[in-house]
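Before any comments, here is the structure.
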Amino acid sequence: MSSAADDLALLIAGTLAGAVGSAGGITSLISYPVLLAVGLPPLQANVTQAVAFVACLPGSALGSRSELRGQGPWLRRWALLAASGGVVGVVALLCTPSDVFGRVVPFLLVLASFALLVQPRVSTWQDSRPQRTNRLLLPFGLFAVSAYNGYFGAGSGVMVLALVLLTVDRGLARANALKNVILGVVDVVAAIGFTVFGPVRWASALPLAVGLFAGSRFGPSVTRRVPGNVLRVLAALAGLGLAIRLWVVPS
């Protein structure tokens, strides 16, 4: 594949990934396999997409301005905790040998796909619960998922969305907007760490980032026309398919 074809593939993948991620799906399940397809090894692919994901923060924030109105105090309160978790995940990834990461990725993809498939059951369970919530669930859950997002991240959006719905806001649109900003904070932390210490391939990160910004900005208006269950199942099947491929033919 030529360099121009690589750029086009990454631009398209970023646009689709940004659209799916801004609607509550799994961004990495679209961007990660394309990075592998254009020749990046697993560790470098993960580091490169982590840097590119920073473009989702301004895009999704612009697309969710009405939902984010008045949410500044909550975001300031929890952004630092999320950033701290992201630092832990970044350090863990940078200390992981590349061959070890390649063996772990399929299991992480299965975990992310499973999280996406069971999301409706989580929502049903949440609806059946009384309005009381465990005060420790949000801080511990947010720190743990932020650490995971800094390490690999596939499925972390679904996990944070479920956590916010359970503990903060039962409105899906507002919960999704809060999720996007919180993950954006973690992405910024990860990008700083990987820019300084990680093997980022900037030639791949830049077209991917352009696509991610466009998809996360305009994605919600497009994905509203597609049934949520269709996007959810397709993304989960893509993740499971990639996991099987990596088990059979390790990168």
Report summary line: Taking 0.36 nm per residue of separation between Leu80 and Thr96 and subtracting their Cα-Cα distance, the length gained on full extension comes to 3.3 nm
Query raised in the report: How long is the gain from Arg245 to Val230 if the chain were fully straight, where each residue apart is worth 0.36 nm and the alpha carbon distance is subtracted?
Result: 3.2 nm
**Report entry** For the chain, calculated [θ]222 nm from helices alone, where every DSSP H run of n ≥ 4 adds -39500 (n - 2.57)
**Finding:** -26500 deg cm²/dmol
**Report entry** Euclidean distance of C-alpha centroids, the stretch 1-61 and the stretch 155-224, integer Å
**Finding:** 11
Query raised in the report: Computed from these coordinates, which is semi-axes √(5λ) of the Cα gyration tensor in Å: (1) 32, 20, 15; (2) 39, 20, 14; (3) 27, 19, 18?
Result: (3)
Requested in this report: Could I have the simple spin-label model distance between Arg69 and Phe107, label points 7 Å from Cα toward Cβ, reported in nm to one decimal?
Outcome: 4.7
Query raised in the report: In nm, what is the difference between 0.36 nm times the number of residues separating Phe114 and Ser3 and their Cα-Cα distance?
Result: 36.5 nm
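The numbers here are math on the coordinates, done by the rules we state, and not lab data. Note that the coordinates shown come from a computational prediction; the quantities given were computed from them, not determined experimentally. Reconstructed Cβ throughout: ideal geometry from the backbone, glycine too, with neighbour counts over all protein chains shown.
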